[in-house]
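We did not get these values from a lab; they are worked out from the coordinates using the rules stated. All of these numbers come straight from a predicted model, not from anything done at the bench. We place every Cβ from the backbone using ideal geometry, glycine too, and count neighbours over all the protein chains shown.
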Amino acid sequence: MDAYPIIDSWCNLFTPASMKKNFIENPEMAHIVKWWHMDDRMRGWTPQEFARVLDAAGVSTVITPVWQMRSWKNQAMLWDMRIEEVAEVMAADPKRYKGLFGINPYHRMKGVAALERAVKDRGFIGAHLHHYGFGLRPDDRAFFPFYAKCAELGVPLMIQMGHSAELMPSDVGRPIYLDEVALYFPELTIVAGHTGWPWVEEMIAMAWKHPNIYISTSAHAPKYWDKSLVRFLNSRGKGKVMFATDYPVLKQAESIKQVDELGLKPEARKALLHDAAAKAFKLD
């Protein structure tokens, strides 16, 4: 057992109802389940059952987004999760399960007000943005009111960067599009998911340049991490890269085993599995 608690900074809602609705019965996601061999995770778990899975992996805390994902194909909502879905899991074990409010730019100022209520009244610790289906870059002005509210509340933004595994154009995921956001909102902590792949060097450049940008390894198995990312998190980028599975894409226990095969310095391993997320999400 690790001497420090491991944090999974991006773990999707794991309940049976969520797995059925968002993966199994979702035609635009079902092909990913097959392609990535995720069938064995599709039955779902209660919070109590999943806690045992996490304990076996040595994971103490997972951070779960309320997904607001629009289909690029038909312009309808692909994932339109209710905040209550994640709030119920949080209530089952507040120390273990943390939630992120989902940003929909079309909700405009009502969405901004809902973000504030989620943080102040429901205990959510940040916001989550999947901008691909909306066809907007992260530096689009439609998101700025949400960024400003996150900065005002002192909570981070988790945003997917890099290519889109979903059937959506990937160009809006270029990490360079975070450059002006970080400059305009230096008070906003930005956690960029999915390692920025295939633009990993570009993602590293953003994290190295901006004190307020972190990299999350969500959805990318450690054994496949770009060598430049491993060098970065093991040296000058220590504390700027955080562990995440994007469960059910990856399993926690299997991913941590792969981390241990990277040969990281002990302090770099601790920063990856705990310190970076604890600092960005204010969990300590």
_Share, in percent, of DSSP beta bridges within the chain that are antiparallel, nearest 5_ = 10 percent
*Give me the lysines in straight-line cross-link reach of Lys73: C-alpha distance below 23 Å, same-chain residues under 8 apart excluded.*
Lys20, Lys21, Lys34
*Rg (Å, one decimal) plus Dmax (Å, integer) for the alpha carbons of the range 57-196?*
14.5, 41
*Can you give the helix-only mean residue ellipticity at 222 nm for the chain, where every DSSP H stretch with n ≥ 4 adds -39500 (n - 2.57) and the sum goes over all residues, rounded to the nearest 500 deg cm²/dmol?*
-10000 deg cm²/dmol
*Which semi-axis lengths, in whole Å and largest first, follow from the square roots of five times the eigenvalues of the Cα gyration tensor of the range 194-277?*
18, 14, 11
*Can you tell me how much longer the chain between Glu180 and Glu84 gets when fully stretched, taken as 0.36 nm per residue apart minus their C-alpha distance, in nm with one decimal?*
31.2 nm
*Tell me the label-point distance for the pair Glu261, Arg52, using the 7 Å Cα-to-Cβ offset, in nm and rounded to one decimal.*
2.7 nm
*How long are the three semi-axes of the equivalent ellipsoid of the range 1-110, in whole Å, if each is the root of 5 times an eigenvalue of the C-alpha gyration tensor, listed from largest down?*
26, 18, 12
_Qualifying lysines (Cα of each under 23 Å from Cα of Lys95; at least 8 residues distant if same chain)_ = Lys120, Lys251, Lys270, Lys279, Lys282
*Using Cα Rg over 2.2 N^0.38 Å as the read-out, say which of (1) 0.91; (2) 1.20; (3) 1.15 was calculated from these coordinates.*
(1)
*What is the calculated FRET efficiency for Ala91 to Ser235, with r their C-beta to C-beta distance and R₀ = 45 Å, to the nearest 0.05?*
0.65
*How big is the range 38-93 in terms of Cα radius of gyration and Dmax, in angstroms?*
14.1, 41
*Highest-fluctuation residue, His107, His130, His220 considered, GNM on the chain with Cα pairs under 10 Å*: His107
